[in-house]
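Taking it in order: structure first as structure tokens, then the write-up.
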Amino acid sequence: MESDNKLEDLRSVLSCVFEKLGAESLTEPDRVELVTRAEVVQDQIDAIQDVVCDGERVHLRTTHAPEPSGDRLF
């Protein structure tokens, strides 16, 4: 699925950002920029996951239970 690939790409970007945040030679302005990027990427990941979850809920809601048969067990 396209959303799976996008999620994987965003998670990879987020991982790289966190790795850079761990660098000791990072200046404060760079740190602030990286934190901001991480927040933006995390928001994008959350948005995609919300759409996927909403899609699954819609699918579940539109799936109807089978009609009961006239045969009773008891």
Rg from C-alpha atoms of segment 1-49, normalised by the globular rule of thumb 2.2 N^0.38 Å, equals 1.24
If R₀ is 22 angstrom, what is the calculated FRET efficiency for the pair Asp46 and Leu26, using the beta carbon separation as r and rounding to 0.05?
0.30
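Since every read-out is calculated from the coordinates, none of them should be taken as a lab result. Because the structure is predicted, anything quoted here is derived from the model rather than measured. All Cβ positions, even for glycine, are placed from backbone atoms using ideal geometry, and neighbour counts span all protein chains on display.
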